[in-house]
């Protein structure tokens with residue numbers, strides 16, 4: 001059974017069609033990197049998966065369960081919002097701009113969602129949070145406010161925060177694009193560690209080297225469609241499509 | 001022609017003449033002024049509290065996608081900001097008992113203090129709602145997205161993530177509103193309540209000395225100074241998480 005599945009997904013913002021019929025299935029344990037120029041619909045596709053954007057047409061499945069089925073911006077099926085919320089919470093998300101909660105300390109950032117959404121016992125979640133901070137290498141920052149951390153540290157906290165909800169899949173939306181070059185490495189190292197642990201990951205990225213190293217599958221998107229996909233060797237080293245070649249030549 | 005210097009010396013003489021009566025207030029006057037100050041304070045404090053609670057609800061209505069909630073809050077703000085507070089006070093004080101009499105045939109006397117609480121709270125709510133709405137909308141949209149991505153409902157995201165971040169931004173305009181309210185309470189003299197200003201005005205007319213107004217000014221300034229200091233401190237304290 002696939003972890004997430006998109007069937008003929010289209011998404012428009014007004015007259016601007018951003019996704020033009022996307023079909024995608026991601027299996028458990030897979031690490032998928034999505035590359036493509038800005039405006040190609042990569043981020044929108046991620047955001048459609050966890051309902052940050054509603055699709056215009058098509059179907060979205062999470063763990064085999066339908067979470068959205070729409071046509072011409074109208075719901076075709078009434079799906080229990082509580083169920084949708086629970087399924088979407090299976091998708092952890094890391095944003096380009098971190099979006100940590102500035103009024104909460106590092107540890108509170110990690111514990112707030114599990115304690116109010118899953119009603120996890122305070123002692124239990126604090127222990128988990130400390131383990132996660134250890135994993136991302138920030139145990140000593142637990143009582144700091146986000147404003148006192150560097151971008152790379154903030155992004156690692158954001159990863160720990162998403163992991164605290166014990167998601168089945170982690171989605172990364174250009175996680176290193178807002179970072180100073182010298183801070184990119186520490187975030188990628190954390191993500192590499194997660195991949196090694198067998199986490200299912202969907203990563204929108206411009207880090208081609210990283211994609212080559214960790215991805216099981218690379219997807220190249222262009223103008224709202226999946227243009228080419230395959231193993232890193234196939235897509236990044238021997239691309240078949242002309243558009244993929246042009247894109248890779250531009251950024252490498 | 002009267003030069004400013006002349007005016008100054010005449011003022012000084014008057015103060016000198018009045019000295020015996022004004023520098024020392026007698027006990028009855030002191031108690032009256034204290035009672036007036038309490039009325040003023042009570043109305044300002046009650047209305048800022050209820051105004052804030054009601055204001056949050058209206059602000060949430062204003063940003064809600066629900067058309068009914070949205071237009072009701074719009075209408076509320078439009079009415080209470082668009083008409084004088086004094087007029088609202090009159091409507092509640094004079095019109096409600098008459099409407100009650102017409103519809104039920106029974107008379108009922110309305111407590112002027114209750115009237116003041118209601119009118120001032122409703123009016124403050126309209127202003128505070130706009131302040132709160134602007135504060136909520138000033139929070140980065142990524143905060144709501146992050147909360148939703150973590151599985152929070154709209155209500156959870158609002159109460160735990162968005163609204164707490166508005167507190168610091170709300171302190172300064174709230175202090176402003178409280179100071180305005182404190183001074184506007186002088187309007188209640190029109191519905192037979194003795195607030196601070198009304199009390200000293202009575203004394204001034206009875207004795208013919210204007211200097212009682214100076215006492216009132218001093219008390220108003222004393223109270224607004226406290227508000228200013230407390231709100232400044234609170235703002236600093238709430239901003240602890242900012243760099």
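See the values below:
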read-out	value
Flag if residue B:133 is out of contact with any strand residue (DSSP E or B) (no Cβ under 8 Å at 6 or more places or on another chain), away from chain A (no Cβ under 14 Å) and more than 30 Å from residue B:38 (Cα to Cα)	yes
Residue identified as in contact with a helix residue (DSSP H, G or I) (Cβ under 7 Å, 6 or more places away or on another chain) and either in a helix (DSSP H, G or I) or on the phi > 0 side of the Ramachandran plot (or both) among B:181, B:221	B:181
Residue in segment B:157-168 that is under 29 Å from residue A:113 (Cβ atoms), surrounded by 18 or more Cβ atoms within 10 Å (Cβ to Cβ) and in contact with a strand residue (DSSP E or B) (Cβ under 6 Å, 6 or more places away or on another chain) present	no
Filtered residue count, segment A:84-111, keeping only those that are surrounded by 23 or more Cβ atoms within 10 Å (Cβ to Cβ), closer than 17 Å to residue A:128 by Cα and at the interface with chain B (Cβ under 9 Å from one of its Cβ atoms)	1
Matching option when the condition is within 14 Å of another protein chain (Cβ to nearest Cβ) and not in a helix (DSSP H, G or I), among B:158, B:152	B:152
Selected residue [touching a residue at least 24 places away in the same chain (Cβ under 8 Å), more than 19 Å from residue A:173 (Cβ to Cβ) and facing another protein chain (nearest Cβ under 10 Å)] from A:81, A:146, A:114	A:114
Number of the exception - residue A:162 against (1) within 14 Å of chain B (Cβ to nearest Cβ); (2) touching a residue at least 40 places away in the same chain (Cβ under 8 Å); (3) touching a helix residue (DSSP H, G or I) at 6+ places or on another chain (Cβ under 9 Å); (4) surrounded by fewer than 21 Cβ atoms within 10 Å (Cβ to Cβ)	(4)
Test: residue in segment B:58-69 that is closer than 21 Å to residue B:43 by Cβ, modelled with pLDDT of 95 or more and away from chain A (no Cβ under 14 Å)	yes
Considering residues of segment A:165-184 that are in contact with a helix residue (DSSP H, G or I) (Cβ under 8 Å, 6 or more places away or on another chain) and in a helix (DSSP H, G or I) only, the residue farthest from the other protein chains (Cβ to nearest Cβ)	A:184
Criterion violated by residue A:49 - all others in (1) in contact with a helix residue (DSSP H, G or I) (Cβ under 6 Å, 6 or more places away or on another chain); (2) surrounded by 22 or more Cβ atoms within 10 Å (Cβ to Cβ); (3) within 30 Å of residue A:192 (Cβ to Cβ) satisfied	(1)
Among the residues listed as A:131, A:126, A:71, the single one being surrounded by 15 or more Cβ atoms within 10 Å (Cβ to Cβ) and more than 10 Å from chain B (Cβ to nearest Cβ)	A:126
Test: residue in segment A:195-205 that is touching a residue at least 60 places away in the same chain (Cβ under 8 Å), over 15 Å from the mean Cα position of the chain (by Cα) and surrounded by fewer than 16 Cβ atoms within 10 Å (Cβ to Cβ)	yes
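The values are calculated or read from the model by the stated rules, or taken from the named source; none is laboratory data. These numbers come from a predicted model, not from an experiment. Every residue, glycine among them, receives a Cβ derived from its backbone with ideal geometry; neighbour counts consider all protein chains shown.
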